[in-house]
Amino acid sequence: MASILVTCYSRTGKTKKLAASIGKGAKEVLGVDVDVLPFNRVTASDLVRYDGIILGSPVYFGGIAAELKEFIDETTFVRGKLVGKVGAAFTTAGDRTGGKETAILSIVQAMLIHGMIVVGDPIADESSNEEHNGGHYGLAADGQLTEHDLLQAEYFGRYVASVVARMC
Ligand SMILES: Cc1cc2nc3c(=O)[nH]c(=O)nc-3n(C[C@H](O)[C@H](O)[C@H](O)COP(=O)(O)O)c2cc1C
């Protein structure tokens, strides 16, 4: 059984709410075990243990939160052990043009340095019944989270989980 970890730093709960919806979508995929873990409980050995890692952060000054950067820096020693795992990133921001893509790309950059296979957030296939805009590099939302944002997060979770299921 393939496994996925969903986690994020979140100070006021928005990114955490998106993580829960991503986890909900991912759990719909057969053959995949999904854990949505609180950020402060995630250890370096968790990173090694899962086949897919979906990592999120709020946008802080156009980048990721220092807490997530610190975690990434402090777990550099797992380098080599994440090669070939699936990675995906998500973020929430206050403003529409607040730096969501740069924050996502910071997470993706760390994943690529670790040799992970990064999955983006593609627009739904026309043949599917899903309606999904696609965030290109990862999932993003800004302002107050809407039902639509949460549905997009479920779609993203399903999509990443389907890739993990196919690869494992
Ligand atoms: C220190 C700090 C810096 C922030 N910088 C930005 C920013 O550059 N762009 C933006 O759109 N929002 C910014 N925000 C707003 C947060 O990204 C936004 O409220 C986010 O959804 C909070 O996520 P959380 O509820 O998971 O903590 C900032 C918030 C804080 C506390």
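The values are calculated or read from the model by the stated rules, or taken from the named source; none is laboratory data. For clarity, every value in this text was computed on a predicted model and none was experimentally measured. As a convention, Cβ positions derive from the backbone with ideal geometry for all residues, glycine included, and neighbour counts pool all protein chains shown.
Among the criteria (1) at pLDDT 95 or above; (2) under 20 Å from TYR155 (Cα atoms); (3) loosely packed, with under 15 Cβ neighbours inside 10 Å, the one ILE123 does not fulfil is (1). Considering GLY143, GLY87, the condition of being in contact with a helix residue (DSSP H, G or I) (Cβ under 7 Å, 6 or more places away or on another chain) and either more than 16 Å from the ligand (Cβ to nearest atom) or not acidic (Asp, Glu) (or both) is satisfied by GLY87 alone. When you look at ALA66, is it within 16 Å of the ligand (Cβ to nearest atom), surrounded by 14 or more Cβ atoms within 10 Å (Cβ to Cβ), modelled with pLDDT of 95 or more and under 20 Å from ALA140 (Cα atoms), yes or no? Judged against the criteria, ALA66 is not a match. So ARG79 fits all but one of (1) modelled with pLDDT under 95; (2) within 16 Å of the ligand (Cβ to nearest atom); what number is the exception? So the condition that ARG79 fails would be (2).
Residue check: PHE61 meets all listed conditions (1) touching a Gly at 6+ places or on another chain (Cβ under 8 Å); (2) within 16 Å of the ligand (Cβ to nearest atom); (3) under 21 Å from ASP149 (Cα atoms); (4) not polar (S, T, N, Q) but one, namely (3).
Please go through the range 8-30 and give me each residue that is part of a helix (DSSP H, G or I) and of a type in the set (A, V, I, L, M), ordered by number. Hits for the range 8-30 are LEU18, ALA19, ALA20, ILE22, ALA26. With respect to (1) of a type in the set (Asp, Glu); (2) assigned to a helix (DSSP H, G or I); (3) farther than 28 Å from THR146 by Cβ, the lone exception for ASP33 is condition (2). Restricting attention to the range 76-87, the residues being farther than 19 Å from VAL119 by Cβ and either of a type in the set (Gly, Ala, Ser) or crowded, with 20+ Cβ neighbours inside 10 Å (or both) number 1.
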